[in-house]
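Undergrad: The structure under discussion is supplied below as structure tokens; questions concerning it will follow.
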Amino acid sequence: MPLSMLLRQARRILLTALVGGLLGATLVRLGPGFGVDEREVDARLNAESQQAIRAEHARDNNIALFYVRYLSGVIHGDLGFSRSLNRPVSELLKERLPLTLGSLAYGVLGGMSIGLVFAMASVWWQAPGSDLLPAVLSGIALALPAALIALVFLWMGVGGRWAIALVVFPHVYRYAKNLLVAAYQAPHVLAAEAKGLSPARVLFAHVFTPAAPQLAALAGISVSLAFGASIPIEVLCDTPGVGQLAWKAALDRDLPLLVNITVLVTLMTLVVNACADLALARWRPVS
Amino acid sequence: MTRTQKMALVVLALVTLASFAAGWLAPSSYSEQYRDSISAPPSARFLLGTDDLGRDRFARLLYGTRISLLLAPAAAFLSTLIAALIGGTAGYLGGRWERGVTAGIDLFLSLPWLFLLLTVRALLPLNTSPVTSVMITFLLLGCLGWAMPARIIRAGTRTLVDSDYLVQARAGGISPLRLFWRHLLPNLRPILLAQFWVSIPVFILSEANLGLLGLGVSEPLPSWGAMLRELENYTAVLQNPWMLAPAGLLVAVVCCLQLLLRTEERIPC
């Protein structure tokens, strides 16, 4: 893999994440109610304290200055301070990120595995109606809002990570099935079948393997999908992860927290997408 | 059209008709509170019982369905229009404009859809009138849902612009306006239609997600999302399984739309 390509990808990712963060900050700044602090009407605080609170907010009014200050803080390892939760942002992320990453890993891997197994089974048994069960299951799962899936899993006492898997599975199943069906119709597969290769060998060696890079590319979309789903799931299941933190940050208009989460989520999605792109470029057969 | 798709179309038509005949099918208003029949079970008077404020669940379901079935297509139309303007212009003009728009689309798509939607909705005023909340919710869906269709429309426009017959048309001295109206737009129509239809179930589900989290349509106006909030009370759902009716109807409608979308996918582009 040429180093220049990697560097170009890294530069693009960093730039996009930074612009994403700036847009997130601008949105919060322009949102109605920004800068309103209930402490300003607290009768116990004297004029000096209230003046200090107003000065604290005034620093964030200029979004460009806020963002420059934020970036210089990031360089020095300081991600800012969450006003709504009264704690440093780095501490909050350090505490909650492992939980969300774990859920995402379980959810994405689980969803992809179920989707792939169903897709391969549908292609394997080509009898009419053989894909009825996965088609119905994926259709129903696609028709359920993530928040409702979270509620159902909450009732059943099953962890939120499996709810994420259920959100990811139908997308993977439908894409993988279409891909594998198309791969099955390739001339080399027909030739392999005519030569008398076993169905299992045809499926794994001549259908699944060539389609593997494109299936790997699904990981990028799945991570983005899973993170989106993790917000309602973590909120409804009361899981203290980054999804729930993002929700709280948005409701409280907590600028430093929301900017960090936006940059983090953008970075995460872009890095996974870039890895999938690189995998595609690495595995694509040279024509 | 297959038999399953015909059935899906019939179900959708029936649901739409029922929602528009809500005033006739359900004599009660969606906001009328029967203080003497709080949390009543289904009866001839209240087909799906009443909620904890004594409101007729059947009336609320019909009016909520009407809101979703009217506004999701409106939001889908708005998002397709924005996508066509941005993606179509980028694909038509090419060069720096196209690169800039592609970067913008990439940036938009790097943020998960639900994260973006929930964040922006939470930043907008929450204590608004019910009608304003409906407008905010669906305008937001329309304004934020443009990125994915724009990417597809941009690619479609680019392919068309580079096609032989359009190169020939340009070489023949056709005016840009005529090129757009006579050649580009009619050929883009199947892509635009497909994007419009694909967006409808996505927006219905997004409204349901927002509603379940309390960021959707404000009370007393009913919507599927707002009605699903009742399901948070597990014990009540166990005792009153008819509370699941909005969830069942939502799943049925979205499934029917998906079945019909398979027809849309078959339209030759």
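Just so it is clear, none of the values below were taken in a lab; they were calculated from the coordinates. These numbers come from a predicted model, not from an experiment. Reconstructed Cβ throughout: ideal geometry from the backbone, glycine too, with neighbour counts over all protein chains shown.
Undergrad: Can you give the longest run of chain B that contains no trypsin sites (Lys or Arg not before Pro) sitting in a DSSP loop with at most 14 other Cβ atoms inside 10 Å?
TA: Details: sites that count: B:ARG45, B:ARG266.
In short, B:46-265.
Undergrad: Please give the helix A:132-142 orientation as an angle from the longest Cα principal axis of chain A, in degrees from 0 to 90, rounded to the nearest 10.
TA: The helix A:132-142 is inclined about 10 degrees to chain A.
Undergrad: Right, next: Using a Förster distance of 25 angstrom, determine the FRET efficiency expected from the C-beta separation of A:CYS275 and A:VAL19, and round it to 0.05.
TA: Working: r = 21 Å, r/R0 = 0.83.
Working from the Cβ atoms, E equals 0.75.
Undergrad: Do you know the relative contact order of the range A:171-287, to the nearest whole percent, from alpha carbon pairs under 8 angstrom that are 6+ apart?
TA: On the way: 76 pairs, mean separation 31.1, N = 117.
Rounded, it is 27 percent for the range A:171-287.
Undergrad: Suppose only helical runs count, i.e. DSSP H with n ≥ 4. What mean residue ellipticity at 222 nm does that imply for chain A under -39500 (n - 2.57) per run, divided by all residues and rounded to the nearest 500 deg cm²/dmol?
TA: Values: 11 runs with 211 residues, N = 287.
Calculated at 222 nm, the ellipticity per residue is -25000 deg cm²/dmol.
Undergrad: Related question: Show the residues, 5+ positions off or on another chain, whose built amide H is closer than 5 Å to the amide H of A:SER82.
TA: Distant-sequence amide H within range of A:SER82: A:ARG87, A:VAL89.
Undergrad: Output the relative contact order of chain B, whole-number percent, from Cα pairs under 8 angstrom with separation of 6+ residues. Before the final figure, lay out the partial values.
TA: Working: 346 pairs, mean separation 65.7, N = 269.
With pairs under 8 Å counted, the relative contact order is 24 percent.
Undergrad: Run the numbers on the range A:59-177 and let me know its relative contact order in percent, using alpha-carbon pairs under 8 Å that are six or more apart.
TA: Working: 105 pairs, mean separation 38.1, N = 119.
About 32 percent, as a whole number.
Undergrad: Another question about this same structure. Would you work out which of A:GLY129, A:ALA249, A:PHE208 lies farthest towards the positive end of the dipole of chain A? Charges go on Cβ: Lys and Arg +1, Asp and Glu -1.
TA: Going by the Cα projections, it comes out as A:PHE208.
Undergrad: What area, in nm² and to one decimal, does the C-alpha convex hull of chain B cast on average over all directions? If you can, show how the numbers build up before the last one.
TA: Working: hull surface 68.0 nm².
So the Cα hull casts an average projection of 17.0 nm².
Undergrad: Also, I was wondering about something else. Helix B:147-161 versus the longest principal axis of chain B: what is the Cα-based angle in degrees, 0 to 90, to the nearest 10?
TA: With both axes taken from Cα atoms, the answer is about 30 degrees.
Undergrad: Could you state the angle between the C-alpha long axis of helix A:160-184 and the longest principal axis of the C-alpha atoms of chain A, as a value from 0 to 90 degrees rounded to the nearest 10?
TA: Tilt of helix A:160-184: around 40 degrees.
Undergrad: Per DSSP H run of n ≥ 4, the term is -39500 (n - 2.57); total these for chain B, divide by its residue number, and report the mean residue ellipticity at 222 nm rounded to 500 deg cm²/dmol.
TA: Numbers: 12 runs with 184 residues, N = 269.
Estimated from H runs of four or more residues: -22500 deg cm²/dmol.
Undergrad: Can I ask one more? As a test of the definition: which semi-axes, in Å, follow for the protein assembly as shown when you take the square root of five times each eigenvalue of its alpha carbon gyration tensor? Largest first, please.
TA: 38, 34, 26
Undergrad: I've got another one for you. What is the range A:179-274 by shape, rounded, prolate or oblate, if you read a ≥ b ≥ c off the alpha carbon gyration tensor as root eigenvalues and call it rounded for a/c under 1.5, prolate for a/b larger than b/c, and oblate otherwise?
TA: Numbers: a/c = 5.70, a/b = 3.38, b/c = 1.69.
The shape class here is prolate.
Undergrad: Follow-up. Taking θ = phi - 60°, what integer Hz values does the Karplus form 6.51 cos²θ - 1.76 cosθ + 1.60 yield along the range B:197-204, in sequence order, with x for Gly and Pro?
TA: 5, 5, 6, 4, x, 4, 6, 4
Undergrad: Treat every Asp and Glu Cβ in chain B as -1 and every Lys and Arg Cβ as +1, leave all other atoms uncharged, and give the resulting dipole magnitude about the Cα centre to the nearest 20 debye.
TA: On the way: 21 positive and 15 negative charges, 178 e Å.
Magnitude of the dipole: close to 860 debye.
Undergrad: Right, next: Using +1 on the beta carbon of Lys and Arg, -1 on that of Asp and Glu, and nothing else charged, what's the dipole of the protein assembly as shown about the Cα centre, debye to 20?
TA: Numbers: 43 positive and 32 negative charges, 344 e Å.
Dipole size: approximately 1660 debye.
Undergrad: Per residue of the range B:34-50, in order, report the coupling 6.51 cos²θ - 1.76 cosθ + 1.60 (Karplus, θ = phi - 60°) as ³J(HN,Hα) in whole Hz, putting x for Gly and Pro.
TA: Residue by residue, the range B:34-50 yields 9, 5, 8, 10, 6, 6, 6, x, x, 8, 5, 6, 10, 4, 10, x, 10 Hz.
Undergrad: Could you tell me which residue out of B:LEU185, A:SER222, B:TRP224 lies farthest along the dipole of the protein assembly as shown toward its positive end? Charges go on the beta carbon: Lys and Arg +1, Asp and Glu -1, centred on the Cα centre.
TA: Final value for the positive-end residue is B:LEU185.
Undergrad: Which of B:VAL254, B:ASN209, B:TRP242 sits closest to the plus end of the dipole of the range B:178-269, meaning its Cα is farthest towards the positive end, when Lys and Arg get +1 and Asp and Glu get -1 on the C-beta?
TA: Farthest towards the positive end: B:VAL254.
Undergrad: With a/c under 1.5 counting as rounded, go ahead and sort the range B:207-264 into rounded, prolate or oblate using the C-alpha gyration tensor (a ≥ b ≥ c being the square roots of the eigenvalues; past the cut-off, prolate if a/b is larger than b/c, else oblate).
TA: On the way: a/c = 2.95, a/b = 1.52, b/c = 1.94.
Because a/c hits 1.5 or more and a/b fails to exceed b/c, the range B:207-264 counts as oblate.
Undergrad: Rounded to the nearest 20 debye, what is the charge dipole size of the range B:105-246 about its Cα centre when +1 sits on each Lys and Arg Cβ and -1 on each Asp and Glu Cβ? Working shown, then result.
TA: Details: 9 positive and 7 negative charges, 138 e Å.
Approximately 660 debye in magnitude.
Undergrad: Follow-up. Run the simple label-point estimate for A:SER72 and B:SER43 please: 7 Å along Cα→C-beta, distance reported in nm.
TA: 7.1 nm
Undergrad: Sort B:PHE58, B:PHE196, B:PHE138 by Cβ crowding within 10 Å, fewest neighbours at the top. Before the final figure, lay out each step's value.
TA: Numbers: B:PHE58 22, B:PHE196 19, B:PHE138 25.
The fewest-first ordering by Cβ neighbours comes to B:PHE196, B:PHE58, B:PHE138.
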